[in-house]
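See below for the structure under consideration.
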Amino acid sequence: MTTRPLAGTRVLDLTNVLAGPFACHQLAHLGAEVIKVEAVGRGDLARNLGSDPDLNATGMGISFLAQNAGKKSITLNLKHPDGKALLKRLVATADVLVENFRPGVMARLHLDYPRLKAIHPSLIYCAISGFGQDGPWVSRPAYDQIIQGASGLMSVTGDGDSAPLRVGSPIADTVGGLTAAMAINAALNARPRGCLIDVSMLEGLLSTMGWVLSNFLIGGQYPGAYGNENPTSAPSGTFRTGEGLLNIAANKDEQWQALCTHLGRHDLLQHLDYANREQRKRNRHRLRMTLEDSLATKSATAWEAELNALDIPSGAVLSVQEVLESEHLAARDFLEDFAASATLDRDIQVVSTGVKIDGARPKVETAPPALGADAAEIWGELGLSEDDLADLYEKGVI
């Protein structure tokens, strides 16, 4: 099916928490068989993270549920010689291996790319780390907020009073995961196959900050924190209304003129302080307060409808609940539903991926797996008997 372009691709997911699991979650949505290789006894740390203590206690924390649907789970002790041997046998059956250990960990385990390439030359090996596999910062810890701070993103988030400020979602982790998924998909298309992909969360995040960085690199402009204002134009930002906040992006002169005309503020079109884009940018704060006086007569949703009809880009600022419950996402079939099961005591909804292919949303078929739920299937494919598995269990290998 066109919604499963990666069908027949096997991915070994050795990752934890978010960046790596999110990358592999995208591959699962595109049809890959993703086998999550987790630590014996504890699994992915995300199994114990999230806002629901009861789910955390069962090893099915919300942080885990968020990006592990559609995967299979096995456990393996990679420090044990038998565990290393089993992973190598599994690698021989796979197209892709993804890991997000600290740089050097896989080499110390004798499971790094050169060793695995020797047994499987066409393997695509993707290593996700905070700062890349080399360089002076290679050994620094790599948590989302640390990367946000190191990237300069926090320095331009917020306003003069609140910056530097963390972005409200783990954007460094998820951008790192998307970067990895993009590179893996490209590598799957290469002939001959086989490569080492080095994903730096720092560099992935920096690559998304194009205009901010280019204004400094090319224009010599030191990036500042503009809050909800668009530094490239005015009026372009967030405005208070009679009810709720409204984003307006009147970036073109004709949009500015249409906005003033619709609000009955012809006086602003004649005001020298707002005569052109540069003047409006210099006087943006006074302009915003002036426009808010006019916008106070209606709600954000009412203005959204009116202004968009006039080709003045506008949108109400929604809460998470409001957008998830919107008729738009329902019509787009964005959320995935999974019924309660033996390993999950409730129905859950999780987000899918942000694409449609030929009009259809790629979806996964199975709920997030319990720890080690697919051991019999995966190890059975390698020819291990029940006695073999019992022996490996006794030795703490699985």
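Every number here is computed from the coordinates shown, using simple stated rules; none is lab data. Given the structure is predicted, the values throughout are model-derived calculations rather than measurements. So basically every Cβ, Gly included, is an ideal-geometry build from the backbone, and we count neighbours across all protein chains shown.
List every DSSP H helix in the chain whose Cα atoms extend 24 Å or more along the helix's own long axis and whose mean Kyte-Doolittle hydropathy is at least 1.0. Sorted by number, the helices that extend far enough and score high enough are 171-188. When the helices of the chain are scored as -39500 (n - 2.57) per DSSP H run of n ≥ 4 and the total is divided over every residue, the value at 222 nm lands at -10500 deg cm²/dmol. By how many nm would the segment from residue 395 to residue 343 grow when fully extended, if each residue of separation counts as 0.36 nm and the alpha-carbon distance is taken off? In short, 16.2 nm is gained.
Overall shape of region 41-106 was characterised from the C-alpha gyration tensor. The equivalent ellipsoid obtained from it has semi-axes of 26, 13, 12 Å, in decreasing order.
Highest GNM mean-square fluctuation among 23, 250, 225, for the chain modelled with Cα contacts below 10 Å: 250.
Only Cα pairs under 8 Å and 6+ residues apart enter the sum, and on that basis the relative contact order of region 236-317 stands at 46 percent.
When only the Cβ of Lys, Arg, Asp and Glu is charged (+1, +1, -1, -1), the dipole of region 236-317 relative to its Cα centre reaches about 340 debye.
Compute the signed sum of charges (Lys and Arg +1, Asp and Glu -1) over the other residues within less than 15 Å, Cβ to Cβ, of residue 156. That sum, taken over residues with Cβ under 15 Å, equals -2. For residue 145 and residue 308, FRET efficiency with R0 = 41 Å and r from the beta-carbon atoms, rounded to 0.05? My answer for the efficiency is 0.70. Spin-label model, residue 332/residue 278: points 7 Å from Cα along the beta carbon direction are separated by 3.8 nm.
Label-to-label distance, residue 182 versus residue 271, with points set 7 angstrom from Cα along the beta-carbon direction: 4.0 nm.
Counting 0.36 nm for each residue step from residue 252 to residue 190 and taking away their Cα separation leaves a gain of 18.1 nm.
Taking Lys and Arg as +1 and Asp and Glu as -1, the other residues whose beta-carbon sits under 12 Å from that of residue 242 total -1. Taking the chain as a Gaussian network of alpha-carbon nodes connected by springs under 10 Å, the highest mean-square fluctuation of the residues 218, 146, 184 belongs to 218. With Cα atoms defining each centre, region 231-276 and region 26-103 are spaced 50 Å apart in the structure. Each residue of region 104-113 is assigned a 3J(HN,Hα), and the resulting list reads x, 5, 5, 5, 5, 7, 6, 10, 7, 4 Hz, derived from the Karplus form 6.51 cos²θ - 1.76 cosθ + 1.60 (θ = phi - 60°), x at Gly and Pro.
Distances between placed amide hydrogens fall under 5 Å for residue 341 paired with 346, all partners being 5 or more residues away or on another chain.
Between 179, 93, 301, the Gaussian network model of the chain with springs among Cα atoms under 10 angstrom shows the greatest mean-square fluctuation at 301. Computed over the chain, relative contact order equals 19 percent, with contacts defined as Cα pairs under 8 Å that lie 6+ residues apart.
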